[in-house]
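Participant: Have a look at this one.
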Amino acid sequence: MSTIKNLLFDLGGVLLNINYHKTREAFEQLGYHDFDKMYSQYSVDELFENLETGKISNEDFYHRIKQGNANELSDHQITMAWNSMLLNFRKESLALLKELAKKYNIYLFSNTNAIHLAAFHSLLKDETGESLDDYFKKAYYSHLINLRKPNKDAFEFILNDAGIAAEETLFVDDSYPNIEAAAALGFKTHLLLPEERIEYLKL
């Protein structure tokens with residue numbers, strides 16, 4: 001790892017425990033019976049793609065979601081269902097980031113949206129009293145940079161903005177399509193399996 005100068009981490013499934021099934025179940029209880037076709041770990045439809053690239057507002061999202069349901073739903077119900085996938089932070093992994101920051105430039109790249117961003121910032125504040133951005137030299141959120149993984153231009157944006165080289169950067173993610181896209185650009189990569197934690201990696 002002597003050639004590695006930068007570490008780029010995913011958030012969900014790497015630093016934050018998530019369960020996509022909980023959101024699917026929550027939306028099913030609200031009357032959506034094909035939610036997996038709309039959103040999953042590996043694919044999203046146009047509505048969620050636009051939400052995660054900042055092309056639509058939260059209000060637009062709520063409006064569009066309600067259009068697909070005959071029930072009278074509130075924004076709060078939709079928010080609670082959407083946020084139910086967010087569980088808790090991996091505190092040992094976060095602690096390791098502070099140690100790694102003594103040796104590497106640490107960055108975050110998350111496919112996310114304004115609703116989830118507010119939720120997991122609040123979650124971390126409740127759990128640790130800290131801010132997530134404090135752990136990183138810079139955090140990149142898809143809805144704020146208007147680009148998402150696994151698209152090539154998203155990774156190129158980060159390389160250019162951070163002023164780092166792909167071959168000097170280790171990218172850690174729990175989704176194979178994202179890993180594959182980064183590797184094609186020259187990143188060193190590690191696919192974090194469900195039973196793995198970043199503490200197990202030799203960094």
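Quick note: the coordinates plus some simple rules give every number you see, no bench work behind them. Note that the structure is predicted; figures quoted are calculated from it, not measured. Cβ placement follows ideal geometry from the backbone for every residue including glycine, while neighbour counts extend to all protein chains displayed.
Participant: Please list, ordered by chain and number, the residues whose modelled amide H lies under 5 Å from the amide H of R90; skip anything fewer than 5 residues away on the same chain.
Facilitator: Counting only residues 5 or more places away or on other chains, the set is L16, N17.
Participant: Each residue of segment 56-62 in order: what ³J(HN,Hα) in whole Hz does its phi give by Karplus 6.51 cos²θ - 1.76 cosθ + 1.60, θ = phi - 60°, with x for Gly and Pro?
Facilitator: 10, 7, 4, 4, 4, 4, 4
Participant: Mind listing the long-range amide H neighbours of M85? Cut-off is under 5 Å, sequence gap 5 or more, other chains count too, H placed in the peptide plane at 1.01 Å from N.
Facilitator: Amide H to amide H, under 5 Å and 5 or more residues apart or across chains, M85 pairs with T23.
Participant: For the pairs K37/K152; K152/K188; K137/K188, flag any whose C-alpha to C-alpha distance is greater than 27 Å. Before the final figure, lay out the partial values.
Facilitator: Working: K37/K152 24 Å; K152/K188 15 Å; K137/K188 19 Å.
In this structure, not one pair exceeds 27 Å between Cα atoms.
Participant: Please arrange S142, S93 by how many other C-beta atoms lie within 10 Å of their C-beta, fewest to most. Please report the intermediate quantities before stating the final value.
Facilitator: Values: S142 22, S93 18.
Fewest-to-most ranking of S142, S93: S93, S142.
Participant: So, one more: Hey, got a sec? Which GluC sites (Glu not before Pro) in segment 11-118 land in a DSSP loop and have at most 16 other Cβ atoms within 10 Å?
Facilitator: E72
Participant: Sticking with this one: Output wanted: per-residue J couplings in Hz (rounded whole) for segment 178-193, from phi through Karplus 6.51 cos²θ - 1.76 cosθ + 1.60, θ = phi - 60°, x for Gly and Pro.
Facilitator: Karplus values, whole Hz, x for Gly and Pro: 5, 4, 4, 5, 5, 4, 5, 8, x, 5, 6, 9, 9, 7, 7, 6.
Participant: Determine, from the Cβ-Cβ distance of E99 and A183 and an R0 of 35 Å, the FRET efficiency 1/(1 + (r/R0)^6), rounded to the nearest 0.05. Please report the intermediate quantities before stating the final value.
Facilitator: Working: r = 26 Å, r/R0 = 0.74.
Efficiency, rounded to the nearest 0.05: 0.85.
Participant: Spelling out what I want: for every residue of segment 147-156, take phi, set θ = phi - 60°, compute 6.51 cos²θ - 1.76 cosθ + 1.60 (Karplus), and round to whole Hz; glycine and proline get x.
Facilitator: Rounded to whole hertz, the list is 9, 9, 5, x, 5, 4, 5, 5, 5, 5.
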